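Scroll down for the structure; my scribbles are underneath it.
The values are calculated or read from the model by the stated rules, or taken from the named source; none is laboratory data. All values reported here derive from a predicted model rather than from experimental measurement. Note that each Cβ is placed from the backbone with ideal geometry, even for glycine, and that neighbours are counted across all protein chains shown.
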Amino acid sequence: MTFIGTIIKEIIIPHRKGNIRLNPEFVVLEDSHIQGLLLGTDYQRMYGIDIYNSRKRNITIGTNKEKKFSLDIYQVSTHDPLEELLNEVREGQFSTTLTSKQKISLLKMLRKNRPAFASGEGH
């Protein structure tokens, strides 16, 4: 991946008692595909972000512990094995001669035979 540059992008966390605005700096890489962003602990401490787990996952920002933000992860709650496989092979490329039906068939075959392929996760 080739470094292209950096951008500062405002993030607004909506809340009924007042929105929180963050201005993190992001590194832009060529051909990178992301599905989420992680804020490091230094950044969390700088903004007073505290993550805690009770019945639900929540965060608080600053000293006001009454102002809670939900950390529900919607991608985890919906489990689609085919979508999961698409995410794993996202950087791969299919031949342009394959039809959509053939691509889906190939993805299903890859999913079924997943243990036969090497991965960095030790599967």
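Is there a residue being closer than 30 Å to residue 112 by Cα and modelled with pLDDT of 70 or more anywhere in segment 45-61? No: segment 45-61 contains no residue that is closer than 30 Å to residue 112 by Cα and modelled with pLDDT of 70 or more. Each residue in segment 81-114 was checked for being loosely packed, with under 10 Cβ neighbours inside 10 Å, assigned to a loop (DSSP other than H, G, I, E, B) and modelled with pLDDT of 80 or more, and 5 pass.
Consider residue 31 carefully, then state whether it is surrounded by fewer than 10 Cβ atoms within 10 Å (Cβ to Cβ), under 17 Å from the mean Cα position of the chain (by Cα), closer than 30 Å to residue 3 by Cβ and at pLDDT 70 or above. In short, yes.
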